[in-house]
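Before any comments, here is the structure.
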Amino acid sequence: MSADAVVVGSGPNGLVAAVTLARAGRRVLLLEAADRFGGGLRSEEVTLPGRVHDLGATVMAMALASPALRELSLKGVVYVHPPVAAAHPLDDRPAVLVHRDARRTAEGLGRDGRAWLASAGAIARAGFPLVDLLLQPLGPYPTAPGVFARAAGFGLAGVLPVTTFARRAFRTVEGRALIAGMAAHSMLDLRAPLTTGYGLLLASLAHLVGWPVVRGGSQVLADALVAELRSLGGEAVAGHRVRRLAELDAPTVVLDVTPRQFLAMADLPAGYRRRLERFRYGPGVFKVDWALDGPVPWRDQAVAGAGTVHLGSTLEEIALSEAETAAGRHSPRPYVLLVQPYAADPTRGGHTLWAYCHVPNGSRADMTDAIETQIERYAPGFRDRVLARHTMGPAELEAANPNLVGGDIGGGLAGLRQFLRRPVWSPAPWRTPLPGVFLCSSATPPGPGAHGMGGHQAARLALRS
Ligand SMILES: Cc1cc2nc3c(=O)[nH]c(=O)nc-3n(C[C@H](O)[C@H](O)[C@H](O)COP(=O)(O)OP(=O)(O)OC[C@H]3O[C@@H](n4cnc5c(N)ncnc54)[C@H](O)[C@@H]3O)c2cc1C
C-alpha cells in the first residue's frame, strides 16, 4: 500500500497515533518490530500454558483517564475493577487501602484522612478537566472555568519532593507511607522535585476512574486498537523492524521510539543531535511473573482484594531504597510494585501475578530473591504457592522491546529537567527537524503510562502540518 503516513512501533502511543491519523482519513501503515503488536500492552503465556501475563502495563488508570482513548469505543475492551484499587501493607499494623471512594480511603487513614481529601481527593474532585490538562500539558487546553486555578494549586504542591510533602501534609506512618508508595512509581529519588505530583496524580486517578485491568489481559486493548486501525483502512505489519528512516516512503512518519533509537535511525542536524544525545535514561526494572496455585497468602487479608500492592513499608524505607537505586546501587530491601490482576479478572488462566523493583540502568543483577523476600515479609508462605516463574532483567526487557533502554520502562528519566525537555525544550517537542517526521513515544509529553497521549498529540501536530 502506498501510505500517507507510516507509524513505527505499536505501543499505546504508536497505536493511538495510527488510529488518530486514520480517523482523519490518512492511509496509514503501522510497522512493529516484535511478532505481536502492543509494546507495553503485550500479554503472553510466559510461565505455563493458558496463563496470561502482561509483559508491561496491567493497571489501566491512565488508559481510562486518557482524553484520546476515552473517545474511542473499542470492541471487546472491558475494564474490570478489583475490590480495592491499591494496598500498602505495613509490618506491625493493618495495611493502608486505597478505595475508589476517596471518603472511604480517608476514613482508613484516621488523622490523615483530611489531608488525603485535601490532596489526592481534591485532584479527583477537579475531574477530567484537570486530568486532561495534565495529560496534554502543551494544549489544546480545556476551557472549563477554574481549571487553571486548580492546576496551579496542584502544581505548587506537585513540584515538591515527596519526602518534604509527606512530612508537611501527613502526620501518620500510614499516610506518609501511602503517598511515598504512589510517588515511587516515578522511578525517581523521592527527594527529587515533582515526585509529589506523580504520586498525587496516580492516587487521584484511583478515585476518579479507578485502577482497573483489561479483562483477558492488556493485549486485548492493543488488538482492539489494531482492529480499529484496520477497520479504517489502515495496514498493520508485525515482525518488521525499521532500522533506517530512509527505508520509509511516506510524507508523514511518526516514530514510537526513544531518542537513542532515533539517533541510530536518522542523520540529524548537529544541534538537534546534540540535544538528543543529552537525553538521560532512568533506572531499569527487574520484573518477575509468577504462576501460583492459589492467591497470595497475605497476612492482612484486606490486601487480597487489591489490584496493586506497594511493598516497602514506611516513607523512610521506600525513600532509602529509591535513593540507593538513583545512586546506582541495588537496594537489599527494594521497594516492590506488585500487581495481582486475578483480584479483578478471573479469565487469565488462574492466579498469575507480577512484581518488579527498580535497579540501576542496565543492571545484570538477579533480584528474584530480594523481591520474593519482600513479598514473604507480608505474605509468609508465598514461595510455596509458586508453580512457575519467569524473570526479565533490563537486558531481556530491552531485547523484547527496544524502547526499554537499559530496562528503563519510563522512556527516560522523569526528573524536572526532562519534564521540561522531553526530549527537547520546545512548544511542540513531538516535531523533529526532519520535515514530516515526528516522535511520539513516552520520551515525549506527557511521558510514561498506557494513555497514548504522546501519539495523539504527535498525530494532531502531523495533521496540522
Ligand atoms: C513491566 C512494565 C509494567 C508497566 N506497568 C504499567 C501499568 O500498570 N500502567 C501503565 O499505565 N503503564 C505501565 N507501564 C508503562 C507503559 O507500558 C509505557 O509507558 C507505555 O507502554 C509506553 O508506550 P509507548 O507507545 O511509548 O512505547 P512502548 O509501549 O514501549 O512500545 C514501543 C513499540 O515500538 C516498537 N519499536 C521500537 N523500535 C522499533 C523499530 N525500529 N521498528 C519497529 N518497531 C519498533 C517496540 O517493539 C514496541 O512494540 C509499564 C511498563 C512496563 C515495561
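Structural remarks
- Only listed residue being touching a strand residue (DSSP E or B) at 6+ places or on another chain (Cβ under 9 Å), part of a helix (DSSP H, G or I), within 15 Å of the ligand (Cβ to nearest atom) and not basic (Lys, Arg), chosen from Gly217, Gly210, Gly199, Gly181: Gly181
- Pairs where the first residue, in region 40-69, is over 17 Å from Thr347 (Cβ atoms) and without any contact (Cβ under 8 Å) to a residue 24 or more places away in the chain and the second is acidic (Asp, Glu) and within 12 Å of the ligand (Cβ to nearest atom), C-beta under 6 Å, 6+ apart: none
- Restricting region 354-413 to residues that are more than 10 Å from the ligand (Cβ to nearest atom) and among the hydroxyl-bearing types (Ser, Thr, Tyr), the residue that is surrounded by the most Cβ atoms within 10 Å (Cβ to Cβ) is Tyr378.
- Each residue in region 103-114 was checked for being open to solvent by less than 20 Å² (accessible area, probe 1.4 Å) and assigned to a helix (DSSP H, G or I), and 4 of them qualify.
- Residues in region 449-465 that are surrounded by 24 or more Cβ atoms within 10 Å (Cβ to Cβ) and either modelled with pLDDT under 95 or in a loop (DSSP other than H, G, I, E, B) (or both): 4 in all.
- Qualifying residue in region 7-18 (condition: assigned to a helix (DSSP H, G or I) and either surrounded by fewer than 24 Cβ atoms within 10 Å (Cβ to Cβ) or basic (Lys, Arg) (or both)): no
- Candidate set: region 231-243, residues that are near the ligand (Cβ under 9 Å from one of its atoms) and charged (D, E, K, R); chosen: the one least open to solvent (accessible area, probe 1.4 Å): Arg241
- One residue alone among Ala246, Ala264 is open to solvent by 30 Å² or more (accessible area, probe 1.4 Å) and within 12 Å of the ligand (Cβ to nearest atom), and that residue is Ala264.
- Check on Val303, buried (at least 18 other Cβ atoms within 10 Å of the Cβ), under 24 Å from the mean Cα position of the chain (by Cα), assigned to a helix (DSSP H, G or I) and modelled with pLDDT of 95 or more: yes
- Test: residue in region 310-319 that is within 16 Å of the ligand (Cβ to nearest atom) and open to solvent by less than 10 Å² (accessible area, probe 1.4 Å): yes
- Test for Pro427: is it in contact (Cβ under 8 Å) with a residue 24 or more places away in the chain and not aromatic (Phe, Trp, Tyr): yes
- Residue match in region 80-91 (condition: open to solvent by 20 Å² or more (accessible area, probe 1.4 Å) and either within 16 Å of the ligand (Cβ to nearest atom) or of a type in the set (Val, Ile, Thr) (or both)): yes
- Single match in Val59, Val52, Val16 (criterion: more than 9 Å from the ligand (Cβ to nearest atom) and not polar (S, T, N, Q)): Val52
- Qualifying residue in region 20-29 (condition: within 12 Å of the ligand (Cβ to nearest atom) and at pLDDT 95 or above): yes
- Filter pass, Leu48 being among the aliphatic types (A, V, I, L, M), assigned to a loop (DSSP other than H, G, I, E, B), surrounded by fewer than 24 Cβ atoms within 10 Å (Cβ to Cβ) and modelled with pLDDT under 95: no
- Comparison of Gly415, Gly436 shows that the only residue that is more than 24 Å from Ala183 (Cα to Cα) and either of a type outside the set (A, V, I, L, M) or in contact (Cβ under 8 Å) with a residue 24 or more places away in the chain (or both) is Gly436.
- Residue count for region 428-445 under the criterion of being within 20 Å of Asp249 (Cβ to Cβ), part of a loop (DSSP other than H, G, I, E, B) and more than 8 Å from the ligand (Cβ to nearest atom): the result is 5.
- Residues within region 455-465 that are within 15 Å of the ligand (Cβ to nearest atom) and touching a Leu at 6+ places or on another chain (Cβ under 8 Å), tallied: 4
The values are calculated or read from the model by the stated rules, or taken from the named source; none is laboratory data. Bear in mind the structure is a predicted one, so any value in this text is a computation, not a measurement. Here Cβ is always computed from backbone atoms with ideal geometry, including for glycine, and neighbour counts include all displayed protein chains. When the accessible area is computed, the model is the full protein with side chains, heavy atoms only, and any ligands, DNA or RNA have been set aside. Shrake-Rupley method; radii C 1.70, N 1.55, O 1.52, S 1.80 Å.
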